[in-house]
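A.B. asks: Before we start, here is the structure in question, set down as C-alpha cells.
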Amino acid sequence: MKLDRRQFIVLSSGALAVSPVARAWGAGQEPRWVMPPTQVPVPAQPAAPPAPKFDDVRRNVGIFTMRGGTIGWLINKNGVLVVDTQYPDTAKTCLDGLKQKAPGHGIELVINTHHHADHTGGNAVFRAEAKKLVAQAGVPALQRQVASATANAPAPVVADATFDKTWTATIGDETVTATHHGPGHTGADATVHFERAHVLHMGDLLFHERHPRVDRAAGASIQNWIKILEKLGKEMPPDTIFIAGHAKDGLSPAVDRRAVLRFRDYFDVVLAVTRKAIAQGQTKEALTATPALPGFETYQGGGVLTLSGVLGVAYDELTAK
C-alpha cells in the first residue's frame, strides 16, 4: 500500500509519541538515542556448605551430622568407637572434633552399618587412626562391586573383621552389639546397639520423615524391612533412642520408637498402594507417577530419595517370580 505524505506524517507522529526520542523533543530537549535499561542477572548464591554438628544423645553416646549418613560415636575413658564415616572431607572434620572431645584417646573400633558411600566414604580417614574396622560379612563385596562399576573409582577401604549375625565389643563400661536382621535397605545392613545407654544406631534402616532408598540391586527387601522395623520398634526398651541414617532437613535423626513405627507404616502404605495398582492392571510407569503417599505427604524427597523410586522397587518386588 502506498502512503501519501499526510498519512506518513500521521503514522510517524504516532510512533514518535511513545518513543524516548519523542519524549525528549516534547520536553524541548535535544533528541538523543536512549537505550533501554539492561537487565543484569543477579548471580545465584552458592549453597552454604553443611555445618558440622556434634550432639550428645545419652550416656557418652552422640551423633555427628554434616553431609551423608549420620555418624554415631561413643567416648569414654577407655577409648572412642565410631559408627559410619560419611565422606573423606566430613570424616576428617568429624575425626578432628572427636580428638578435641577425647584428647589422648585413639579410635578403638569403627563399624559400618552398610556399604553405601555416604556411610563408608570416609573409611580411609578413620582407618588410619582406628585399631579395627568392622562390618557385616556382605558389606566388603558390595563396596567392591560398586567401585568396579564406577569409572576411575579408587579401591574401597573395607572392613578387616566381619560378622554374619552379631558382633559384640566392650569399650569401658559400655557394651556395643552390631546385629544383622536380614535384608532391608540392602542385603547387608546392621544396627548398632549401645546397650547400657539404650541407644540404637539404625543406619539406613531408618529414615526420619524422608523418602528412603531401597537398594534392590544390593539385596533390599521392603517386606522384610517392615518386619525389622516392627520387631525393633516394639521389642527394644521403651526409652530407647533410635538414630536414623537420614532425617528431613531441620529434624534431628535421634528419635523415639514412634518414628520407627511410623516408618513401618510408611512401607505398609507403599505396599498397599502398589498391590492395588497391580490388581487394577496399572503399569509400573503409572504407579511411579503417584504424586504423594496418603498420610505421608510431608515426607521430604530429593536426589535418589524419592517416592517414585520406592514405588518402583515395590512394584518389582511384588511382581518378581
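A.B. asks: Check whether at least one residue in region 92-105 is buried (at least 16 other Cβ atoms within 10 Å of the Cβ), under 26 Å from the mean Cα position of the chain (by Cα), of a type in the set (S, T, N, Q) and closer than 18 Å to T162 by Cα, and report yes or no. Walk me through it before giving the result.
C.D. replies: Residues of region 92-105 buried (at least 16 other Cβ atoms within 10 Å of the Cβ): 93-95, 97-98, 102.
Keeping just the survivors that are under 26 Å from the mean Cα position of the chain (by Cα) gives 93-95, 97-98.
When the remaining residues are screened for being of a type in the set (S, T, N, Q), the result is 93.
From the residues that got through so far, the ones that are closer than 18 Å to T162 by Cα too are none.
No, the conditions are met nowhere in region 92-105.
A.B. asks: In this structure, does G303 turn out to be within 19 Å of G69 (Cα to Cα), at pLDDT below 95 and surrounded by fewer than 16 Cβ atoms within 10 Å (Cβ to Cβ)? Lay out the reasoning, then the answer.
C.D. replies: On the way: within 19 Å of G69 (Cα to Cα): yes; at pLDDT below 95: yes; surrounded by fewer than 16 Cβ atoms within 10 Å (Cβ to Cβ): yes.
Here the answer is yes, as G303 does meet what is asked.
A.B. asks: Restricting attention to region 224-261, which residues are touching a strand residue (DSSP E or B) at 6+ places or on another chain (Cβ under 9 Å), assigned to a helix (DSSP H, G or I) and free of Cβ contacts under 8 Å to residues at least 40 places away in the same chain?
C.D. replies: Result: G233, R257.
A.B. asks: T191: buried (at least 16 other Cβ atoms within 10 Å of the Cβ), β-branched (V, I, T), in contact (Cβ under 8 Å) with a residue 24 or more places away in the chain and closer than 30 Å to G106 by Cα, yes or no?
C.D. replies: On the way: buried (at least 16 other Cβ atoms within 10 Å of the Cβ): yes; β-branched (V, I, T): yes; in contact (Cβ under 8 Å) with a residue 24 or more places away in the chain: yes; closer than 30 Å to G106 by Cα: yes.
Yes; evaluated as a whole, the condition is true for this residue.
A.B. asks: Check region 178-188 and report whether any residue there is part of a helix (DSSP H, G or I), over 18 Å from V61 (Cα atoms) and touching a residue at least 12 places away in the same chain (Cβ under 8 Å). Give the derivation first.
C.D. replies: Just the residues of region 178-188 that are part of a helix (DSSP H, G or I), to begin with: none.
Checking region 178-188: not a single residue is part of a helix (DSSP H, G or I), over 18 Å from V61 (Cα atoms) and touching a residue at least 12 places away in the same chain (Cβ under 8 Å).
A.B. asks: Also, quick follow-up: Among residues belonging to region 272-308 that are in contact with a strand residue (DSSP E or B) (Cβ under 9 Å, 6 or more places away or on another chain) and in contact (Cβ under 8 Å) with a residue 12 or more places away in the chain, point out the one that is nearest to P212 (Cα to Cα).
C.D. replies: From region 272-308, those in contact with a strand residue (DSSP E or B) (Cβ under 9 Å, 6 or more places away or on another chain) are 299-302, 305; that's our starting set.
Checking which are in contact (Cβ under 8 Å) with a residue 12 or more places away in the chain leaves us with 299-301, 305.
Numbers: Y299: 10, Q300: 9, G301: 8, L305: 5 Å.
My answer is L305.
A.B. asks: I would also like to ask the following. Considering only residues that are modelled with pLDDT of 95 or more and polar (S, T, N, Q), look in region 40-75 and name the one that is farthest from A124 (Cα to Cα).
C.D. replies: Here is the first cut: in region 40-75, the ones modelled with pLDDT of 95 or more are 52-75.
Those still in the list that are polar (S, T, N, Q) too: 60, 65, 70.
Values: N60: 25, T65: 19, T70: 17 Å.
Across region 40-75, the extreme among qualifying residues is N60.
A.B. asks: Looking only at residues that are without any contact (Cβ under 8 Å) to a residue 40 or more places away in the chain and over 30 Å from G68 (Cα atoms) in region 309-321, which one is nearest to the chain's Cα centre (by Cα)?
C.D. replies: Among those that are without any contact (Cβ under 8 Å) to a residue 40 or more places away in the chain and over 30 Å from G68 (Cα atoms), it is A320.
A.B. asks: Take the residues in region 282-296 that are surrounded by fewer than 16 Cβ atoms within 10 Å (Cβ to Cβ), over 15 Å from Y266 (Cα atoms) and of a type in the set (A, V, I, L, M); name whichever of them is farthest from the chain's Cα centre (by Cα).
C.D. replies: A286
A.B. asks: Hey, can you tell me all the residues within region 127-162 that are buried (at least 24 other Cβ atoms within 10 Å of the Cβ) and assigned to a helix (DSSP H, G or I)?
C.D. replies: Those that are buried (at least 24 other Cβ atoms within 10 Å of the Cβ) and assigned to a helix (DSSP H, G or I): V139, L142, Q143.
A.B. asks: Can you name the number of the only condition in (1) more than 19 Å from the chain's Cα centre (by Cα); (2) crowded, with 18+ Cβ neighbours inside 10 Å that E209 fails?
C.D. replies: Result: E209 fails condition (1) only.
A.B. asks: Go through region 124-142 and count every residue that is in contact with a helix residue (DSSP H, G or I) (Cβ under 8 Å, 6 or more places away or on another chain) and under 19 Å from T90 (Cα atoms).
C.D. replies: Number satisfying all stated conditions: 5.
A.B. asks: Considering only residues that are closer than 21 Å to G106 by Cα and part of a loop (DSSP other than H, G, I, E, B), which ones fall in region 163-177?
C.D. replies: Applying the first criterion (closer than 21 Å to G106 by Cα) to region 163-177 yields 167-177.
Matches in region 163-177: G172, D173.
A.B. asks: Quick check on my filter: what residues within region 65-89 are crowded, with 24+ Cβ neighbours inside 10 Å, in a strand (DSSP E or B) and within 14 Å of the chain's Cα centre (by Cα)?
C.D. replies: I71
The values are calculated or read from the model by the stated rules, or taken from the named source; none is laboratory data. On a predicted model such as this, the values are computed, not experimentally measured, just so you know. Cβ coordinates were reconstructed from backbone atoms using ideal geometry, including for glycine residues, and neighbour counts include every protein chain displayed.
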